[in-house]
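For reference, the structure is listed below as structure tokens.
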Amino acid sequence: MGNSLACFSPKIAAKSSGSASPARRDASPPRASPYPSSTARRATSSLSGSASTKKSKKKVETAGAGVLYDDALIREQAIAAVMLLKQYQSGGDEKDDSLRLFSRSTSTSALFPSVSGKSGVKQSVARSSTSRRRSGSDFPLPPLQQILADEGLEADGVETNHFVLVHGGGYGAWCWYKTITLLRQGGFKVDAVDLMGSGIQSTDTNNINSMAEYAKPLINIIDKLGDGEKVILVGHDFGGACVSYLMELYPHKIAKAVFLAAAMLKNGQSVLDMFSVQQEVPSDLMQQAQIFFYGNGKNQPPTAIDLDKALLEDLLFNQSPAKDVALASVSMRPIPFAPILEKLNLSDANYGSIRRFYIETQEDHAIPASLQEAMTKSNPPEKIFHLKGSDHSPFFSKPQALHRFLTDISKIS
């Protein structure tokens, strides 16, 4: 949404020729094979002989030590793997993705003991880089069936288990892929919408002239809800204005509204007005990134705004994994300008009757934390959550923490 701030620049900003940020190190170093090839060959040749003779049995016991496992050990390993997955899904450092689930700090010594060679000298296999000793509390682990059963309990006992995710300016439904996965694993129903002219929508953003046009795909989703069915709307960035617009139209179909680093308007305000009232000036980075389109001629107001792809990482994804930055660089589209100028009519009877929650992003270069705090002070929500270490795109940089906040909000009664 840094895009909404674009309206403060009077001219087309030239594309920056600055150098890109340093590349991130996402790939983990290659692991050594857990079984030395010579050991594997010895074990194989031993097993190919007659298992009924003492000689063959001795070969298997000697050459295959640490290679052959009984059913109990295999089951223990499977449970340990599930526990690691649970740790990833429930917390930890969200800056990296699931490719780092089994990091080098994971103890492999418990899963793959060292193997003795012919000379009797132990041949080391891939080992943990940690010196932590196994404590008695590490085992026994809970039953595997219980671990898997707990996956579907997050949505139990909530007013509604249906989330509708509304992207920010320039983004699309694609940006929510991590959030969609985590919520669905917790038993929630999730819809992510492409607003008009965004994502896979083919409409030219220069031809979108109102909030009603821009939010039409979202309106279609809410229109199709059954009698008595409610949703939790989550709006990111400029999507917050769309959420406010829908709150006024469908108060009986919206249980809660969540503003995620988003524009949270008051009655009679436009996005432009909101930033003007807060007296926030776009940063140098924002001004450099803005590219205006004048579909109706240079003597008319802009019809759309885009962002310089070379500056996207520093502006919107300064804490996000490199692969998500790459996804955004080929997926983001211009933002229609007319909805940014539109003043919303928000009444206490409709908009004011819906419970609002705000999630602040602390390392945001597009909508600084100071501006987010100013919005929540002038138009207080029911509760404010703080995402530490998150850039403007927490669905990339802090997906686990964002998931926990959304789940917590769904359970607030």
TODO: Determine, yes or no, whether I359 is in contact with a strand residue (DSSP E or B) (Cβ under 6 Å, 6 or more places away or on another chain), outside any loop (DSSP other than H, G, I, E, B) and aliphatic (A, V, I, L, M).
DONE: yes
Task: Output for region 365-404, where each listed residue is assigned to a loop (DSSP other than H, G, I, E, B) and crowded, with 23+ Cβ neighbours inside 10 Å - done: A366, I367, S390, D391, H392, S393, K398
Open item on the list: So for region 342-364 (the condition being at pLDDT below 95, under 20 Å from M264 (Cα atoms) and among the aliphatic types (A, V, I, L, M)), does at least one residue qualify?
Closed with: no
Task: Which listed residue, of Q185, Q201, is surrounded by fewer than 24 Cβ atoms within 10 Å (Cβ to Cβ) and modelled with pLDDT under 95 - done: Q201
Task: Whichever residue in region 351-364 is in contact with a helix residue (DSSP H, G or I) (Cβ under 7 Å, 6 or more places away or on another chain) and surrounded by fewer than 20 Cβ atoms within 10 Å (Cβ to Cβ) and, among such residues, is farthest from Q319 (Cα to Cα) - done: S353
TODO: Quick one: S320 ticks every box in (1) of a type outside the set (A, V, I, L, M, F, W, C); (2) surrounded by fewer than 23 Cβ atoms within 10 Å (Cβ to Cβ); (3) within 27 Å of K398 (Cα to Cα) except a single one, so which number is it?
DONE: (2)
TODO: Give the residue, chosen from L307, L285, that is under 27 Å from the mean Cα position of the chain (by Cα) and either charged (D, E, K, R) or crowded, with 22+ Cβ neighbours inside 10 Å (or both).
DONE: L307
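The values are calculated or read from the model by the stated rules, or taken from the named source; none is laboratory data. Keep in mind the model is a prediction, meaning the values are calculated, not measured. All Cβ positions, even for glycine, are placed from backbone atoms using ideal geometry, and neighbour counts span all protein chains on display.
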